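Colleague: Pasting in a structure now, in structure tokens, and then I'll have a few things to ask.
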Amino acid sequence: MLDQLRGNWWILALRGLAGVAFGVAALLWPAVSERAIVVLYGTYAIVDGALAASTALRKRRAHGRRATLWLEGLVGALAGIVAWVFPGMTTLTLAFVVASWAVITGIFELAAALRLREELEGEWLLSGAALASLAFGIALATRPSSGPLALLWVFGGYAIAFGLLVAALAVVLRVAHRASAPRGVHV
């Protein structure tokens with residue numbers, strides 16, 4: 001799994017950038033309508049899910065456990081598709097969709113981090129992203145009716161934190177990838 005992640009560090013970097021971009025957009029446009037919040041979330045979830053799944057699919061020869069990345073990507077993409085298909089859903093319904101997505105994603109990320117802890121020094125970044133996902137999902141599930149603005153602010157903050165942690169992990173993986181490459185080969 002580590003070889004697979006090292007070779008695809010740039011996909012994690014894109015996931016991190018997507019998270020930060022979504023978070024910044026959510027915080028800069030707090031007056032957007034509920035429908036726009038749903039569509040914005042749907043777009044982010046589909047992009048993040050597609051990038052997670054592509055990490056699992058890029059190295060078919062790799063003898064790693066790709067199931068968690070594949071499932072994480074599938075759950076994200078499905079949650080995004082639900083948001084796109086039902087853009088008129090209420091903020092309360094969206095809160096439950098997002099909370100479910102965050103908890104499931106957090107579980108898969110935590111499983112991946114636990115497998116990586118003996119192979120990579122920067123696994124704490126993935127653990128941090130997993131714990132952020134779990135905390136966000138649980139907080140949202142316990143207070144889903146906080147309102148659209150509160151949902152947007154909390155989700156924006158979470159997306160920025162998650163994005164920064166994943167982008168930092170991508171940097172760690174890039175350094176590890178360069179260190180594992182044969183001399184004279186630039187990656």
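The values are calculated or read from the model by the stated rules, or taken from the named source; none is laboratory data. Keep in mind the model is a prediction, meaning the values are calculated, not measured. Because the Cβ atoms are built from the backbone with ideal geometry, glycine has one as well, and the counts that use them run over all protein chains shown.
Colleague: Please state which one of G156, G163, G128, G137 is assigned to a helix (DSSP H, G or I) and either touching a Ser or Thr at 6+ places or on another chain (Cβ under 8 Å) or among the hydroxyl-bearing types (S, T, Y) (or both).
Modeller: G137
Colleague: Still on this structure, I have one more. Report those helices (runs of 4 or more DSSP H) wholly inside region 1-111 carrying at least 2 residues which are in contact with a Phe, Trp or Tyr (Cβ under 6 Å, 6 or more places away or on another chain), among the aliphatic types (A, V, I, L, M) and at pLDDT 80 or above.
Modeller: Qualifying helices (runs of 4 or more DSSP H): 67-85.
Colleague: Report whether or not S146 is hydroxyl-bearing (S, T, Y) and either modelled with pLDDT of 90 or more or part of a helix (DSSP H, G or I) (or both).
Modeller: No; evaluated as a whole, the condition is false for this residue.
Colleague: Would you tally the residues in region 123-143 being crowded, with 19+ Cβ neighbours inside 10 Å and not aromatic (F, W, Y)?
Modeller: Summing the residues that are crowded, with 19+ Cβ neighbours inside 10 Å and not aromatic (F, W, Y) in region 123-143 gives 11.
Colleague: Something else now. Is it fair to say E109 is touching a residue at least 24 places away in the same chain (Cβ under 8 Å), out of contact with any strand residue (DSSP E or B) (no Cβ under 9 Å at 6 or more places or on another chain) and surrounded by 15 or more Cβ atoms within 10 Å (Cβ to Cβ)?
Modeller: Yes; evaluated as a whole, the condition is true for this residue.
Colleague: Next question, about the same structure. Any idea which residue in region 161-179 is surrounded by the most Cβ atoms within 10 Å (Cβ to Cβ), counting only those that are over 8 Å from G16 (Cα atoms) and of a type in the set (V, I, T)?
Modeller: Result: V172.
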